[in-house]
């Protein structure tokens, strides 16, 4: 539910979405930027970063399933709007990618759900920080669950303006990822 206040007409209305005042989202509010659905996808790329609107980003994973067992979910940062993605200069689980989920039992009947936070990617004086909390669920004959909490950094002091999510091998067969921007 959201609350909209029009200060010119003194109208107040409640609808679905985010909080707005005078037609603009309030600072700190979440705004949906994009939803990508996996369908035998090798990557899911988010290029809607906008430093004039958003300070941070949140990515919500909903039942992401790979087609290959014993894989990991990872991410790559881009500094050129998604034309290229860095495969080095990371810290926290791997030097070649951002650690999202250690999915040693993920595959076939399994799915991952959770959240990845990206903090102040426009700051060119510090490393971009990625924090993930992702749970995995084995949906086969037995139920096995687990979760991972991780912190990773892109260790280049430059603005990150796109992110790619991908499995360590194979494709993502189903599920979706929602990208929200945190309004300035």
Review point. Which of the residues spanning the range 160-184 are part of a loop (DSSP other than H, G, I, E, B) and within 14 Å of the chain's Cα centre (by Cα)?
Key: 160, 161
Exercise for review: Please work out which residue is nearest to residue 162 (Cα to Cα), limiting yourself to the range 31-67 and to residues that are assigned to a strand (DSSP E or B) and modelled with pLDDT under 95.
Suggested key: 61
Exercise for review: State yes or no: is residue 144 within 12 Å of the chain's Cα centre (by Cα), at pLDDT below 90 and under 23 Å from residue 71 (Cα atoms)?
Suggested key: no
Point to revise | Options 27, 23; residue that is out of contact with any strand residue (DSSP E or B) (no Cβ under 7 Å at 6 or more places or on another chain), modelled with pLDDT under 95 and surrounded by fewer than 19 Cβ atoms within 10 Å (Cβ to Cβ) | key: 23
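The values are calculated or read from the model by the stated rules, or taken from the named source; none is laboratory data. For clarity, every value in this text was computed on a predicted model and none was experimentally measured. Because the Cβ atoms are built from the backbone with ideal geometry, glycine has one as well, and the counts that use them run over all protein chains shown.
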